[in-house]
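Structure record follows, encoded as structure tokens.
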Amino acid sequence: MRDPHATPLAAAPECLPAPRPLPDCPVCADPPERISWRQRPGRPVTLVFDPCGHRWSSPAPPVLAVTPPLPPLPPS
């Protein structure tokens, strides 16, 4: 029985972009292993990119999104 809540993909699996869970560091353009963030009331958000250690300030908190895993490719 099909899942009534399943959403069909708009593109074929081989056409989907590679998943990128974290944005690149805006200072050195390297992909981070982790991003930490902290905000104090009335102050901008500070993002810290690991392992490079660069800091970036943003007026708004980051948007967090969860991406479901890609479905397995059919056997060829």
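The values are calculated or read from the model by the stated rules, or taken from the named source; none is laboratory data. Worth saying up front: this structure is predicted, and the values here are computed from it rather than measured. Every residue, glycine among them, receives a Cβ derived from its backbone with ideal geometry; neighbour counts consider all protein chains shown.
Annotations
- Residue count for the range 53-76, restricted to those that are modelled with pLDDT of 80 or more, touching a Pro at 6+ places or on another chain (Cβ under 7 Å) and surrounded by 11 or more Cβ atoms within 10 Å (Cβ to Cβ): 1
- Complete set of residues in the range 37-76 that are outside any loop (DSSP other than H, G, I, E, B) and touching an Asp or Glu at 6+ places or on another chain (Cβ under 7 Å): D50
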